[in-house]
Amino acid sequence: MMTRLARYVILLSLPVVVGGCAMQKDNVKEGGDKMRNIKLSSAFFGEEEARAVERVLAGQVVNMGKEVFMFEQELEEFFGNLNAKVTCVHSCTAALQLALQACDIKPGDEVLVPTFTFVATFQAVAANGAIPIPCDVDIEDGFIDLKDAESRITKKTKAIIPVLFAGCDSKIKKVYELAKKYNLKVIEDAAHSFGDENIAKRDGIFCFSFDPIKNISCGDGGCILTQQKEVTERLKDMRLLGVIGDTECRFSGKRSWGADVQEKGWRLHMNNIAAAIGREQLKKFDRIKKARQRNAKLYKQHLSNIKEIQLMPINTDTAVPHIFPIIVNNGKRDCLKQYLADKGIETGVQYKPNHLLTFFSKGYNLPKAEELYSKILSIPIHPFVTESEIYYIIENIKQYFK
Ligand SMILES: *Cc1c(COP(=O)(O)O)cnc(C)c1O
């Protein structure tokens, strides 16, 4: 028979179970693990950006002008394709919205979109009065499932927006083949792909994000990169209320009183403050790139032989990963998330599939995207995460699966 004391000791040493997850009762270890506070994402700002903002404010010209002009030129050089032009706008959402309009996507048109993306992609379609058609994705990389996409094509389908989820683009050629077959426009949501060496080599329309946590940030910002001249021409006016020639006027310090307007336009341009921040970010991109690629490589090296998790096929030589999602099998995602949170490691679930949102639901299920949603977990990769913190995260993931 067990003594009362023995029973008490056994009870005490059982793990506490919270929401089905076994929690370590005492997570304050030697070395003070509890003190860790590793954020999932962060901007990478310093003194340089602060000085740039001061410089613009002191000049009293904060609207779209010289800084935006310079930033566009510097971005064009950065992308390295002499034929491709950059148009800076207020966000990647704005970039997608304007690119769709520049491709003549009209109210009632249907646009194929992978359901597994940030809601911004869907809202950009809706902003045009067009209908985003949610498509399933492949589990291994979150890329649009092209069979599923093809099965959803109707007479109204006019465009497809592949999302380069976590920078994975190995199936992008197939998107262009499908688009050719059905005469669809292609607009790439490249919000996760800034700095990817392969991007500018393609003839396409690419939308980038410079929002607070992306590879470079303007506070808020975004741009469209394309070699398609007609598209760039329309974008340059459309971002500034459709006033013809206003961009050139402002870049030469003038205003365009009395110019004509020939289509619907918006105030979705970038301002000088945002551009000045972006220019500083571009100067330090090498550091950002090295840190993100190093972090991703360490994860790949040390996490790839844990059998419960699967890594996405991110090319860490050419891509500059914005997020690092892992796929957690055997229903253990939520418990791993809690375990890491207890160790001071913030993680995220990107993204809730859009067909599960009331506004974008079409009444059908997309089983692979839903499965991925139940398994995926983003772990910290931003440039402020140090090498020793990456090892700390790796050790804790290993510990969890031990
Ligand atoms: C961040 C993001 C966007 C939107 O970018 P904003 O600049 O915030 O508008 C669009 N698509 C994806 C996949 C994103 O991650």
### Query
If you take just the helices (runs of 4 or more DSSP H) that sit entirely in region 295-402, which of them hold at least 2 residues that are over 21 Å from the mean Cα position of the chain (by Cα)?
333-342, 387-401
### Task
Among the candidates A275, A191, single out the residue that is within 12 Å of the ligand (Cβ to nearest atom) and either assigned by TED's automatic domain parsing to the domain that holds L100 or not in a strand (DSSP E or B) (or both).
A191
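Report, by residue number, each residue of region 150-167 that is among the hydrophobic types (A, V, I, L, M, F, W, C) and within 23 Å of F208 (Cβ to Cβ).
So in region 150-167, the residues among the hydrophobic types (A, V, I, L, M, F, W, C) come out as 153, 159-161, 163-166.
Within region 150-167, A159, I160, I161, V163, L164, F165, A166 qualify.
Applying the selection to region 196-227, what residues are polar (S, T, N, Q) and surrounded by 17 or more Cβ atoms within 10 Å (Cβ to Cβ)? Lay out the reasoning, then the answer.
Narrowing region 196-227 to residues polar (S, T, N, Q): 198, 209, 215, 217, 226-227.
Within region 196-227, S209, N215, S217, T226 meet the criteria.
Quick check on my filter: what residues within region 260-303 are in contact with a Cys (Cβ under 8 Å, 6 or more places away or on another chain) and without any contact (Cβ under 8 Å) to a residue 60 or more places away in the chain? Before you say what the answer is, go through the steps one by one.
Within region 260-303, the subset in contact with a Cys (Cβ under 8 Å, 6 or more places away or on another chain) is 269-270, 274-275, 277-278, 281.
Result: no residue meets the conditions.
Quick test for you: out of F122, F208, pick the one residue that is aromatic (F, W, Y), touching a Lys or Arg at 6+ places or on another chain (Cβ under 9 Å), closer than 28 Å to I381 by Cβ and touching a residue at least 24 places away in the same chain (Cβ under 8 Å). Even if it seems obvious, please write down each step before you answer.
Working: F122 fails: touching a Lys or Arg at 6+ places or on another chain (Cβ under 9 Å).
None of the others qualify; the one that does is F208.
Mind checking which residues of region 200-241 are β-branched (V, I, T), out of contact with any His (no Cβ under 8 Å at 6 or more places or on another chain) and closer than 30 Å to A291 by Cα? If you could, list the steps in order and put the result at the bottom.
Quick first cut of region 200-241, residues β-branched (V, I, T) only: 205, 213, 216, 224, 226, 231-232.
Checking the rest, the ones that are also out of contact with any His (no Cβ under 8 Å at 6 or more places or on another chain) come to 205, 216, 224, 226, 231-232.
Across region 200-241, the qualifying residues are I205, I216, I224, T226.
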### Query
Got at least one residue in region 162-180 being closer than 15 Å to H90 by Cα, touching a Leu at 6+ places or on another chain (Cβ under 9 Å) and assigned to a loop (DSSP other than H, G, I, E, B)?
no
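Inspect all residues belonging to region 246-258 and state whether any of them is within 16 Å of the ligand (Cβ to nearest atom) and crowded, with 17+ Cβ neighbours inside 10 Å. Can you show your working first?
In the first step, residues of region 246-258 are kept if they are within 16 Å of the ligand (Cβ to nearest atom); the result is none.
Looking through region 246-258, none of the residues is within 16 Å of the ligand (Cβ to nearest atom) and crowded, with 17+ Cβ neighbours inside 10 Å.
The values are calculated or read from the model by the stated rules, or taken from the named source; none is laboratory data. For clarity, every value in this text was computed on a predicted model and none was experimentally measured. Every residue, glycine among them, receives a Cβ derived from its backbone with ideal geometry; neighbour counts consider all protein chains shown.
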